[in-house]
Amino acid sequence: MQWLAIHYPNWLLQYQSYHQGLAPAQPIALYCRQSSQLLSVSDSAVEVGLKPGQSVATAQALSSDLQLIAYETAMSIEAADWLCHWSYDYSARVVPLICQHHSNLGMALHVTDTLLLEVGSMAQVFSGLPQLLEQYATQAQQYSLQWQLALGDNPLGTALLAHSAPHYVAPQGDQRPDTSYFQAAQQLATGHHIKALAALPVNVLPIAKEVQLACENMGLTQLESLFSLPRAELGERFGDELLQLLAKLTGQLPQPLAFYEPPESYQHKLILSYEVEHIEGLLFPLGRMLSELASYLQRHQRAVLCLRLNFEYRDKALVPLMLTINYPFAEHRSDGLLKLCRLQLERILLSSPVVSIALQLQESVALTFTPSEWWQGSTQDEGSTLLLATLVAKLGHESVKGITCVAARLPEACWQSQPLAQGHSATLCAESRASYRGKTVAIKQQRQRAGQVVKGIHDGRFRPTWLLKQAEPIALTDVRLLKGPERIASDWDTVGTHRDYYIAQHKDGGLCWVYREVNGVFLHGWFG
């Protein structure tokens, strides 16, 4: 197997900076609540004199605009899941990285802050290993991550090289990765990682500090010295931990690895580095989260029908704000996802400052692409569906409905309304689109027929575009009958009703639909 190891220094700070839109020049520091000491600092913080181990008070005195982020275990878990999630597109075997600040590592002989990907089996999928490396490096740079990588056939040894003697380091700023390195990547000698490891200092090994100090006290400062000594004597003096490490680095012992397993449904949680009191402050981090969701949907050829948002308040006594965002016409673009979220959030008042955002994909359907001629066949118009989805988000499902036909004789009984997104199914979406499909063409044709009726060259067999909710009495002197009568009788299972319908010219000039029955003359509709 061929392994790609990527070491991410300061990945927790970079994760927070990217998702919360912090300026690159702003100093950022991660600190421990218990000790009130800095755990890690950004490059811009180093420039103003900050360094790990300093107290929070000293750091704030050195930099007035310092952005402090309290370290939490949940923060490293969510950031590690995020890294594994998008890295999973490049390899089905991803070994999650462990944060160096995690108080309970739980895994011996593991290089911290370093992600492992098995890339040997994926080279053909990307038309070669250089293309895989280039695409991965480009995406990591898009997320404003600092990284350094190494290739090898031993996972632990490759991780050590990526951490302490990388084959390639990410360029600074907006510079693109050097493609010449990736073209030469396949020429890296596999099986010769021992020579590269031999030059590393002993203090980079993932072993206890006591063992490292014992080695240095004996003059064993490089791995080359450990490789050359008899294993039995090393075990007697330094214990089994060092022996197991050396055996794994030389391939004499297997390396059981725990691979990342993607969740069944998409979910993403972001702990904010600041408290948000107004909805507007949530839109930027939420937009970044939805942008990543859109990338996920594109890779999996899916579209969203329903999202769930969870906003956790600073006041833990308050129930978190939970919102269900429905997309009745299956959205997959980041701008469309954010637009409907924004419309619903604008109606919300926060009960307390928000400290975290959680997003979960509740329901999705397969993504289909159709041409833009929405009046033809079963295709849909992008603008029309977006308009309807916006109306549903702004007014609610009860205020925006579709129309379906009912088997009845009387005009007011032959149709009924139904919710556009009932059941959140793509089938119903298609049926509801049918209620307005071809409307533009139908209105144009009806106006032509109406003009022909007035001129006496049409028999009047067509229906009005606007039917009144309830027929209104009208004086016969207010209209001039043009065509009719057309007898419409009620259904057999109802009380007998007989109406004679006419196309008439109203005194104000409009073309209307009236009927006469025993109770008089009634206005029932208007022609477009």
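Here are the numbers for the structure shown:
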{"item": "Filter pass, Ala471 being at pLDDT 65 or above and under 21 Å from Val406 (Cα atoms)", "result": "yes"}
{"item": "Residue within region 90-100 that is closer than 30 Å to Val211 by Cβ, open to solvent by 80 Å² or more (accessible area, probe 1.4 Å) and modelled with pLDDT under 90 present", "result": "yes"}
{"item": "Test: residue in region 297-312 that is part of a loop (DSSP other than H, G, I, E, B) and either under 17 Å from Trp82 (Cβ atoms) or open to solvent by less than 30 Å² (accessible area, probe 1.4 Å) (or both)", "result": "no"}
{"item": "Residue in region 195-202 that is more than 30 Å from Ala74 (Cα to Cα), open to solvent by less than 80 Å² (accessible area, probe 1.4 Å) and either modelled with pLDDT under 85 or part of a strand (DSSP E or B) (or both) present", "result": "yes"}
{"item": "Within region 278-324, considering residues that are touching a residue at least 24 places away in the same chain (Cβ under 8 Å) and among the basic types (Lys, Arg), the one farthest from Lys339 (Cα to Cα)", "result": "Arg314"}
{"item": "Residues of region 313-332 satisfying the condition of being among the β-branched types (Val, Ile, Thr) and surrounded by fewer than 17 Cβ atoms within 10 Å (Cβ to Cβ)", "result": "Val319, Thr324"}
{"item": "Where a residue in region 329-356 is more than 25 Å from Leu367 (Cβ to Cβ) and among the hydroxyl-bearing types (Ser, Thr, Tyr) and its partner, wherever it lies, is assigned to a loop (DSSP other than H, G, I, E, B) and open to solvent by 20 Å² or more (accessible area, probe 1.4 Å), with Cβ under 6 Å and at least six apart", "result": "Ser351/Leu318; Ser352/Arg314; Ser352/Asp315; Ser352/Leu318"}
{"item": "Residue count, region 122-144 (criterion: hydrophobic (A, V, I, L, M, F, W, C) and touching a strand residue (DSSP E or B) at 6+ places or on another chain (Cβ under 9 Å))", "result": "5"}
{"item": "Test for Asp65: is it within 24 Å of the chain's Cα centre (by Cα), acidic (Asp, Glu) and open to solvent by 10 Å² or more (accessible area, probe 1.4 Å)", "result": "no"}
{"item": "Residue that is nearest to Lys269 (Cα to Cα) [pool: residues in region 15-41 that are open to solvent by 20 Å² or more (accessible area, probe 1.4 Å) and among the polar types (S, T, N, Q)]", "result": "Ser17"}
{"item": "Filter result for Tyr168 (of a type in the set (Phe, Trp, Tyr) and open to solvent by less than 20 Å² (accessible area, probe 1.4 Å))", "result": "no"}
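The values are calculated or read from the model by the stated rules, or taken from the named source; none is laboratory data. The shown structure was predicted, so the numbers you read here are calculated from the model rather than taken from an experiment. Positions of Cβ are backbone-derived with ideal geometry, glycine not excepted, and every protein chain shown enters the neighbour counts. In case anyone asks, the SASA skips ligands and DNA or RNA and just uses the protein heavy atoms, side chains included. Shrake-Rupley method; radii C 1.70, N 1.55, O 1.52, S 1.80 Å.
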